[in-house]
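The values are calculated or read from the model by the stated rules, or taken from the named source; none is laboratory data. Please read these numbers as outputs of a predicted model, since none were measured by experiment. Counting neighbours? That spans all protein chains shown, and the Cβs are built from the backbone with ideal geometry, glycine included. These area figures cover heavy atoms from the full protein model, side chains too; ligands, DNA and RNA do not enter into them. Shrake-Rupley method; radii C 1.70, N 1.55, O 1.52, S 1.80 Å.
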Amino acid sequence: MEKKALSVFLAAQRASVLAIVDGLDTKALTTSVLPSGWTPLGLMEHLGYAERHWFQEIATGAAEPLDWPDDHAALTTPRPPEVVFAFYDDQCRRSDAVIARTPLSAPPRGRHPGPLGDEVADLRWIVLHMIEETARHAGHLDIVRELLDGRTGLGPR
């Protein structure tokens, strides 16, 4: 019951992120409107990396190598939208598979660097963190979408 509820909330946040960027063309997806320089597409790629990191590297202890180097400015990407969205979708599906086969009480097999690593107790913590991470970035995307084209309230929740 708890796992299902957590999965529903994570799926809802993911759907919000996708709804917020839906309809943006490549120019808008790769345009930074904030002084920090991040782009909506770069943030989508970041969310894919976060799914991969927490559910594969940390929860299971291993992740397959990526097809590309991660050697560009933070929260930007040189990859086209179709590659980034496919990456995000694939990472979310892999995360869902980890959630489905792993008890919420299972301790992580990998270790997150830095002080946050000491807080990671089990898969439950990881799922809650990804709900938080995804919701936080959905808010960022909401603001950027409004600055790009004036649209607001695009997330389903």
Exercise. Quick check, is A50 touching a residue at least 24 places away in the same chain (Cβ under 8 Å), touching a helix residue (DSSP H, G or I) at 6+ places or on another chain (Cβ under 8 Å) and open to solvent by 50 Å² or more (accessible area, probe 1.4 Å)?
Worked result: no
Seminar exercise, completed: Quick count over segment 89-106, residues being touching a Gly at 6+ places or on another chain (Cβ under 6 Å) and either more than 30 Å from A121 (Cα to Cα) or among the aliphatic types (A, V, I, L, M) (or both), is 0
For this session: Kindly check whether there is at least one residue in segment 58-74 that is farther than 24 Å from G23 by Cβ and touching an Asp or Glu at 6+ places or on another chain (Cβ under 6 Å).
Result: yes
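Quick grid of which residues meet (1) free of Cβ contacts under 8 Å to residues at least 60 places away in the same chain; (2) on the phi > 0 side of the Ramachandran plot; (3) open to solvent by 40 Å² or more (accessible area, probe 1.4 Å); (4) in contact with a Gly (Cβ under 9 Å, 6 or more places away or on another chain):
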site	(1), (2), (3), (4)
I58	no, no, no, yes
P65	yes, no, yes, no
P69	yes, no, yes, no
T77	yes, no, no, yes
P81	yes, no, no, no
F87	yes, no, no, yes
H112	yes, no, no, no
A138	no, no, no, yes
Problem set entry | Matching residues in segment 114-136 - criterion: being closer than 29 Å to G23 by Cβ and surrounded by fewer than 16 Cβ atoms within 10 Å (Cβ to Cβ) | E132, R136
Problem set entry | Residue within segment 12-27 that is closer than 16 Å to R94 by Cα, open to solvent by 10 Å² or more (accessible area, probe 1.4 Å) and acidic (D, E) present | no
Exercise. D70 versus (1) at pLDDT below 95; (2) in contact with a Leu (Cβ under 6 Å, 6 or more places away or on another chain); (3) of a type in the set (D, E, K, R): which is the lone unmet condition?
Worked result: (2)
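Being assigned to a loop (DSSP other than H, G, I, E, B) and at pLDDT 95 or above is the filter here, so list the residues in segment 1-33 that pass it. Steps first, answer last, please.
Restricting attention to segment 1-33, the residues satisfying the condition of being assigned to a loop (DSSP other than H, G, I, E, B) are 1, 22-25, 30-33.
Answer for segment 1-33, where residues must be assigned to a loop (DSSP other than H, G, I, E, B) and at pLDDT 95 or above: D22, G23, L24, D25, T30, T31, S32, V33.
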Problem set entry | Qualifying position, being of a type in the set (D, E, K, R) and under 26 Å from A62 (Cα atoms), among R151, R94 | R94
